[in-house]
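K.L.:
Can you keep this structure in mind? I'll have questions shortly.
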Amino acid sequence: MPWSSYPSSHEAPPVVRGEPCSRIAGFLFISGLVLVSSFLLSAAPQKRLAVYSVAANYFLPVMQRANHDYVALLELLDPLGRVNAKLDGRRWRIRYNNVEGEFIAGQNRARIQGRVADLSSIFLIENGRGLVPVASLSSLLPRFLGGPVTVHEDSGRIFIGSIATHFTASLAAGIPPRLVFNFSSPVSPSVSTEPGKVHISFTREPVVAPASSTLTFGSNIISSATYSESNGLAEITVNTSAPLMPSFGDNGRTLTLTPASAASQASSPAPSSPPSAAARPAANSPANSPPSPPSATSPSSYPSAPRRYFAVVDPSHGGDDRGEALSSTLLEKDVTLALARRLRQELENRGISTLMLRESDANLSSDQRAVLANTNHPAIYIALHVASGGHGIRLYTALLPYGNGDNGLFRSWSNAQSSFLSVSQGAAASISAELQKQQASVRIVTAPLRPLNNVTAAAVAIELAPAGSDLAQLTSADYQQLIANAVATAIAATRDKLGATP
């Protein structure tokens with residue numbers, strides 16, 4: 001009797017006489033396992049791929065076939081431009097803008113603009129959809145998109161162009177300390193807590209790892225922070241011995257974690273980030289003196305002392321001053337800012353307090369940069385430049401104009417560096433030696449490069465060029481990290497010789 005002839009789907013079919021009970025019991029047992037397995041699989045999170053670009057940020061499902069991860073290529077390209085596909089038997093053709101690709105089901109090779117592209121596993125067609133292995137996206141996507149693409153295969157994240165959001169983390173002065181995160185672009189993460197930890201999760205923002213995935217702060221209250229990413233998401237986990245309260249500032253570019261007791265007892269909210277360099281008052285001005293205590297004297301209310309910076313890092317150019325156009329999409333001002341963030345983090349990791357003269361796409365004149373540096377009385381000023389010509393790294397110290405131009409007790413602005421020239425040259429030699437240990441090509445040059453001759457501290461300028469002919473190396477995390485590590489190590493090694501200016 002066919003199944004459909006039973007009177008109701010809610011009635012069980014009759015048991016066939018002579019059917020062994022053990023077979024029925026086995027059927028029920030297996031059915032139960034299938035139901036339990038289905039429940040567990042449905043409870044597991046869907047594996048996905050996050051795509052970050054200027055056009056759109058979005059997620060795609062990842063499918064596993066024959067122990068390989070696959071993604072639908074048309075769905076991946078669709079938010080980025082004009083795309084269409086056509087299936088002809090086993091041959092699948094796709095056109096993205098003006099780029100044509102051809103794939104054949106069951107083969108591990110494709111043709112893009114007539115050139116062969118190898119795949120890490122075979123191409124699949126399912127219901128007319130072309131599936132490509134995730135492991136091949138790092139080679140496929142640049143051919144379609146015509147620009148740099150970074151694929152984090154293990155964590156399922158793709159960055160198209162210079163879209164990544166970088167961050168630094170440092171303890172702000174005060175008792176108890178506050179942990180301040182500065183991001184290169186606005187973020188809107190979710191913040192959750194558990195005993196001893198604060199989780200900052202980024203679901204839509206292209207946040208990437210700092211130079212080191214684990215940052216240590218040397219505080220009993222806020223000891224460290226760890227960066228991780230998985231399944232298209234990024235997360236920062238802060239280890240703490242006290243509850244922390246989050247607050248945002250600078251239009252989402254700053255996140256501050258403050259111990260809950262200090263946050264609740266302060267008479268006014270703590271600033272979410274230190275004042276920008278352009279707005280920072282002189283170190284000896286009344287505006288920079290410690291704030292008056294609240295009217296009700298409370299032992300838990302701590303005035304903040306002005307911070308003394310040992311190093312000033314100056315990412316050159318900014319705003320309408322783009323610097324050198326390294327390519328059609330790569331500007332000097334963007335590379336110097338990314339490098340400056342890495343260098344500041346490495347200096348802070350070594351206990352060297354550091355001020356960046358610009359945190360965003362702002363333009364400062366040479367005189368403004370010198371005034372801001374001199375006002376903060378650092379031990380060393382470091383300017384960062386990038387060039388497409390030449391190879392390796394050039395270190396500059398000031399070439400002062402002929403004649404001192406001083407007038408009695410007043411030093412000429414163009415010769416302000418004269419008393420610090422020898423220590424500047426010593427710092428450049430130390431940085432050069434450390435870079436050479438990393439097999440980097442280095443030259444030391446003296447040049448009238450402003451604002452070096454206006455700075456009243458040890459002052460050097462570092463200009464990066466690619467080690468070879470590939471300009472993409474300038475944005476390489478490994479290359480930038482090598483430079484930042486070497487420079488920070490050299491400054492830490494000569495810290496006592498540099499000293500602090502009065």
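K.L.:
Between A492, A461, A484, which is assigned to a strand (DSSP E or B), within 19 Å of L347 (Cβ to Cβ), modelled with pLDDT of 90 or more and of a type in the set (G, A, S)? So that I can check it myself, show each step before the final result.
P.N.:
On the way: A492 fails: assigned to a strand (DSSP E or B); A484 fails: assigned to a strand (DSSP E or B).
Residue meeting the stated conditions: A461.
K.L.:
Moving on to the next point. Can you confirm whether I175 is more than 24 Å from the chain's Cα centre (by Cα) and free of Cβ contacts under 8 Å to residues at least 40 places away in the same chain? Spell out how you get there, then give the answer.
P.N.:
Working: more than 24 Å from the chain's Cα centre (by Cα): yes; free of Cβ contacts under 8 Å to residues at least 40 places away in the same chain: no.
Spelling it out, it is not the case that I175 is more than 24 Å from the chain's Cα centre (by Cα) and free of Cβ contacts under 8 Å to residues at least 40 places away in the same chain.
K.L.:
Within the range 178-198, which residues are surrounded by 15 or more Cβ atoms within 10 Å (Cβ to Cβ) and either free of Cβ contacts under 8 Å to residues at least 24 places away in the same chain or within 26 Å of A50 (Cα to Cα) (or both)? Lay out the reasoning, then the answer.
P.N.:
Step one: of the range 178-198, the residues surrounded by 15 or more Cβ atoms within 10 Å (Cβ to Cβ) are 178-185, 187, 189, 191, 193, 198.
Within the range 178-198, F181, N182, F183, S184, S185, V187, P189, V191, T193, V198 qualify.
K.L.:
I've got another one for you. What's the total number of residues in the range 119-133 that are in a loop (DSSP other than H, G, I, E, B), of a type outside the set (A, V, I, L, M, F, W, C) and touching a residue at least 12 places away in the same chain (Cβ under 8 Å)? Please lay out each step first, then the result.
P.N.:
If we filter the range 119-133 for residues that are in a loop (DSSP other than H, G, I, E, B), which is where we start, we get 119-123, 127-128.
In the following step, the residues that additionally are of a type outside the set (A, V, I, L, M, F, W, C) were identified as 120-121, 127-128.
Among the residues that remain, those that are also touching a residue at least 12 places away in the same chain (Cβ under 8 Å) are: 120-121, 128.
Number satisfying all stated conditions: 3.
K.L.:
Moving on. Find the residue count for the range 84-108, including only residues that are of a type outside the set (F, W, Y), part of a strand (DSSP E or B) and in contact with an Asp or Glu (Cβ under 8 Å, 6 or more places away or on another chain).
P.N.:
Taking the range 84-108 as the starting set, the residues that turn out to be of a type outside the set (F, W, Y) are 84-91, 93-95, 97-102, 104-108.
Next, from what is left, pick out any that are part of a strand (DSSP E or B): 84-88, 91, 93-95, 99-102, 104.
With the extra rule that they be in contact with an Asp or Glu (Cβ under 8 Å, 6 or more places away or on another chain), the set shrinks to 91, 93-94.
Adding up the residues that qualify gives 3.
K.L.:
Could you pull out the residue among L471, L464 that is surrounded by fewer than 23 Cβ atoms within 10 Å (Cβ to Cβ), outside the structural domain of G146 (by TED's automatic domain parsing) and in contact (Cβ under 8 Å) with a residue 24 or more places away in the chain? Please lay out each step first, then the result.
P.N.:
Values: L464 fails: surrounded by fewer than 23 Cβ atoms within 10 Å (Cβ to Cβ).
Testing whether each residue is surrounded by fewer than 23 Cβ atoms within 10 Å (Cβ to Cβ), outside the structural domain of G146 (by TED's automatic domain parsing) and in contact (Cβ under 8 Å) with a residue 24 or more places away in the chain leaves just L471.
K.L.:
Taking V71, is it β-branched (V, I, T) and under 18 Å from L49 (Cα atoms)? Break it down stepwise before answering.
P.N.:
Details: β-branched (V, I, T): yes; under 18 Å from L49 (Cα atoms): yes.
In short, yes.
K.L.:
Can I ask one more? Going by the conditions given, is S136 in contact (Cβ under 8 Å) with a residue 24 or more places away in the chain and surrounded by 14 or more Cβ atoms within 10 Å (Cβ to Cβ)? Spell out how you get there, then give the answer.
P.N.:
Working: in contact (Cβ under 8 Å) with a residue 24 or more places away in the chain: no; surrounded by 14 or more Cβ atoms within 10 Å (Cβ to Cβ): yes.
It is false that S136 is in contact (Cβ under 8 Å) with a residue 24 or more places away in the chain and surrounded by 14 or more Cβ atoms within 10 Å (Cβ to Cβ).
K.L.:
When you scan the range 384-397, do you find a residue that is over 30 Å from S327 (Cα atoms) and in the same structural domain as S327 (by TED's automatic domain parsing), even just one? If you could, list the steps in order and put the result at the bottom.
P.N.:
Within the range 384-397, the first condition is being over 30 Å from S327 (Cα atoms), and the residues that meet it are none.
No, the range 384-397 contains no residue that is over 30 Å from S327 (Cα atoms) and in the same structural domain as S327 (by TED's automatic domain parsing).
K.L.:
Also: Which residues, taken from the range 369-381, are modelled with pLDDT under 90 and under 28 Å from the mean Cα position of the chain (by Cα)?
P.N.:
Within the range 369-381, L372, N376 meet the criteria.
K.L.:
Also: Taking the range 45-60 as the search range and keeping residues that are farther than 18 Å from L145 by Cα and part of a loop (DSSP other than H, G, I, E, B), which one is modelled with the lowest pLDDT?
P.N.:
P45
K.L.:
Identify, please: which residue in the range 425-461 is among the hydroxyl-bearing types (S, T, Y) and more than 25 Å from Q481 (Cβ to Cβ) and is, among those, surrounded by the most Cβ atoms within 10 Å (Cβ to Cβ)?
P.N.:
Within the range 425-461, the subset among the hydroxyl-bearing types (S, T, Y) is 430, 432, 441, 446, 456.
Cutting the leftovers down to more than 25 Å from Q481 (Cβ to Cβ) gives us 446, 456.
On the way: T446: 16, T456: 19.
For the range 425-461, the residue satisfying everything is T456.
K.L.:
For the range 214-259, name all the residues that are surrounded by fewer than 18 Cβ atoms within 10 Å (Cβ to Cβ), under 21 Å from Y52 (Cβ atoms), modelled with pLDDT of 90 or more and small (G, A, S).
P.N.:
S228, S230
K.L.:
With S185, S201, S212 as the choices, which residue is more than 15 Å from T256 (Cα to Cα), touching a strand residue (DSSP E or B) at 6+ places or on another chain (Cβ under 6 Å) and among the hydroxyl-bearing types (S, T, Y)? Quick ask: steps written out before the conclusion?
P.N.:
Details: S201 fails: more than 15 Å from T256 (Cα to Cα); S212 fails: touching a strand residue (DSSP E or B) at 6+ places or on another chain (Cβ under 6 Å).
On inspection, the qualifying residue turns out to be S185.
K.L.:
Pairs, please: C-beta under 6 Å, at least 6 apart or cross-chain, first residue in contact (Cβ under 8 Å) with a residue 40 or more places away in the chain and in the range 226-244, second part of a strand (DSSP E or B) and of a type in the set (S, T, N, Q)?
P.N.:
Listed by first residue and then by second, the contacts come to T237/T226; N239/S223; N239/S224.
Conditions (1) in contact with a strand residue (DSSP E or B) (Cβ under 6 Å, 6 or more places away or on another chain); (2) over 20 Å from G156 (Cβ atoms); (3) in contact (Cβ under 8 Å) with a residue 12 or more places away in the chain, marked per residue:
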residue	(1), (2), (3)
A66	no, no, yes
L77	yes, no, yes
V83	yes, yes, yes
G89	no, yes, no
E100	no, yes, yes
I104	yes, yes, yes
Q107	no, yes, yes
A117	yes, yes, yes
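The values are calculated or read from the model by the stated rules, or taken from the named source; none is laboratory data. As the structure is a prediction and not an experimental result, all values here were calculated from the model. Cβ coordinates were reconstructed from backbone atoms using ideal geometry, including for glycine residues, and neighbour counts include every protein chain displayed.
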